[in-house]
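Below is one structure. I have some questions about it.
The values are calculated or read from the model by the stated rules, or taken from the named source; none is laboratory data. It should be emphasised that the depicted structure is a prediction, and the values quoted were computed from it without experimental measurement. Ideal geometry is used to build each Cβ from the backbone, glycine not excepted, and the neighbour counts take in all protein chains shown.
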């Protein structure tokens, strides 16, 4: 790892494809020297020293003096850069050919191709950011909704790290006092009552529990929720899917059984990622293909986080509706009473579920916003939003926090049982080591390599 840090690395930092601008980035001690070999200003003269964070206009040329592209270049000097090393960015046109030619020249003149996530890995190893912040950067890059982005930014800005360090600092204080008392018994060090240790450890458990209590919502934000649209044939399920997506994704006809398979799409509701599935109408059928679709519908119900049960308000509640109601009784349900533009025949008293009822008309495009609000409110259940507090969205963080809590709880039990404090300090140290795995203070090299290998090249 130390040898790799001595290299100057280079990579294309913008997505591969056609675009207005593309960026080739270099980081390391040779970045400016490599730039001088390939960059020419319009006047043909290079400055004696590139000014920090100033853009220079010119051309990238190859060894024969042939122009590769018209560019802007900027130098960000150590230690005031993303990696705390000299960084050079070459802003060229966004076609893949000029980008690859510039990258090839950088490697030819002494850089090596960066590994996935190596720029951010250097920022971590050089002390600019901690591991939780680095993971926040990766989460932000891969965000699909505003809620995911907000949670990621909090991690990236160090909000989670601050809370972890505060808990870890309190535990380290306890451990330090215990060890000083043991190592220097001849010194007149004031003895801390066991009750005081118990209070501090209980406080640590409460703080860890608070973070863990956000993990469920963090999972929802990270993975999204699976919402399944169910109902009898021809009640408006596919029309509802199209209305929520604001596009004609599913075929809609008056013929029952038109939808034969499960259609899955994604949308964002108030920043919440929703994976929504339109299913085949559930009914008894002798049609083999339709029957397979019905079975897939039932499987989708089993896996759903939330069910949108669509009913035709212009038809009376019947045995097929009752069978569907029985199948979804154990799920969280929103009842969508569709076709309310017609005379309402269905009796709501027949719906024996504790579920909100939304009146809609797909023909009049009525009630769609109400459904979206109800989905969001039902899933979030009044939980704190990502911009109101730190959320545990990373499964690794959740597992580490659970491990740290186990060690603190074990230390509490030991103290309450009269175990000598020097033995108790073993569990406290283990809890500190576990928490340090979140911020990177006690992390192993293998774990570092694994985390950064999941980044994209160029970041």
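So, in segment 353-369, exactly how many residues are at negative phi, surrounded by fewer than 18 Cβ atoms within 10 Å (Cβ to Cβ) and more than 31 Å from the chain's Cα centre (by Cα)?
7
Of 14, 41, 8, which residue is within 30 Å of residue 445 (Cα to Cα), over 28 Å from the mean Cα position of the chain (by Cα) and in contact (Cβ under 8 Å) with a residue 12 or more places away in the chain?
Going through 14, 41, 8 in turn, just one is within 30 Å of residue 445 (Cα to Cα), over 28 Å from the mean Cα position of the chain (by Cα) and in contact (Cβ under 8 Å) with a residue 12 or more places away in the chain: 8.
Any chance you could count how many residues in segment 154-192 are closer than 28 Å to residue 459 by Cβ and either out of contact with any helix residue (DSSP H, G or I) (no Cβ under 6 Å at 6 or more places or on another chain) or modelled with pLDDT under 85 (or both)?
Counting residues in segment 154-192 that are closer than 28 Å to residue 459 by Cβ and either out of contact with any helix residue (DSSP H, G or I) (no Cβ under 6 Å at 6 or more places or on another chain) or modelled with pLDDT under 85 (or both) gives 6.
Do we find that residue 50 is in contact (Cβ under 8 Å) with a residue 24 or more places away in the chain, more than 34 Å from the chain's Cα centre (by Cα), closer than 15 Å to residue 91 by Cα and surrounded by 14 or more Cβ atoms within 10 Å (Cβ to Cβ) in this structure?
no
Only one residue in 400, 424, 419 is part of a loop (DSSP other than H, G, I, E, B) and either outside the structural domain of residue 116 (by TED's automatic domain parsing) or out of contact with any helix residue (DSSP H, G or I) (no Cβ under 7 Å at 6 or more places or on another chain) (or both), so which one is that?
Going through 400, 424, 419 in turn, just one is part of a loop (DSSP other than H, G, I, E, B) and either outside the structural domain of residue 116 (by TED's automatic domain parsing) or out of contact with any helix residue (DSSP H, G or I) (no Cβ under 7 Å at 6 or more places or on another chain) (or both): 419.
Among the residues of segment 10-26, is there at least one that is more than 25 Å from residue 141 (Cα to Cα) and either modelled with pLDDT under 95 or touching a strand residue (DSSP E or B) at 6+ places or on another chain (Cβ under 9 Å) (or both)?
No, segment 10-26 contains no residue that is more than 25 Å from residue 141 (Cα to Cα) and either modelled with pLDDT under 95 or touching a strand residue (DSSP E or B) at 6+ places or on another chain (Cβ under 9 Å) (or both).
While we're here: Taking only segment 434-459 into account, find how many residues are crowded, with 17+ Cβ neighbours inside 10 Å and in a helix (DSSP H, G or I).
Count: 9.
Related question: So residue 370 clears everything in (1) free of Cβ contacts under 8 Å to residues at least 40 places away in the same chain; (2) in a loop (DSSP other than H, G, I, E, B) except one condition, right? Which one?
If we test residue 370 against (1) free of Cβ contacts under 8 Å to residues at least 40 places away in the same chain; (2) in a loop (DSSP other than H, G, I, E, B), just (2) comes out false.
Would you mind stating whether residue 123 is crowded, with 20+ Cβ neighbours inside 10 Å and out of contact with any helix residue (DSSP H, G or I) (no Cβ under 6 Å at 6 or more places or on another chain)?
yes
Does residue 195 count as over 30 Å from the mean Cα position of the chain (by Cα), at pLDDT below 95 and assigned to a loop (DSSP other than H, G, I, E, B)?
no
Restricting to segment 323-347, name every residue that is assigned to a helix (DSSP H, G or I) and surrounded by 13 or more Cβ atoms within 10 Å (Cβ to Cβ).
Within segment 323-347, 323, 324, 325, 327 qualify.
While we're looking at this one, here's another question. I'm trying to understand the selection: among the residues of segment 53-73, which are exposed (fewer than 13 other Cβ atoms within 10 Å of the Cβ) and either outside the structural domain of residue 101 (by TED's automatic domain parsing) or closer than 25 Å to residue 7 by Cβ (or both)?
Within segment 53-73, 53, 63 qualify.
Something else: In segment 5-15, which residues are part of a helix (DSSP H, G or I) and exposed (fewer than 14 other Cβ atoms within 10 Å of the Cβ)?
Hit for segment 5-15 is 6, nothing else.
Residues to consider are 24, 18; find the one that is touching a helix residue (DSSP H, G or I) at 6+ places or on another chain (Cβ under 8 Å) and loosely packed, with under 14 Cβ neighbours inside 10 Å.
That would be 18, the only listed residue that is touching a helix residue (DSSP H, G or I) at 6+ places or on another chain (Cβ under 8 Å) and loosely packed, with under 14 Cβ neighbours inside 10 Å.
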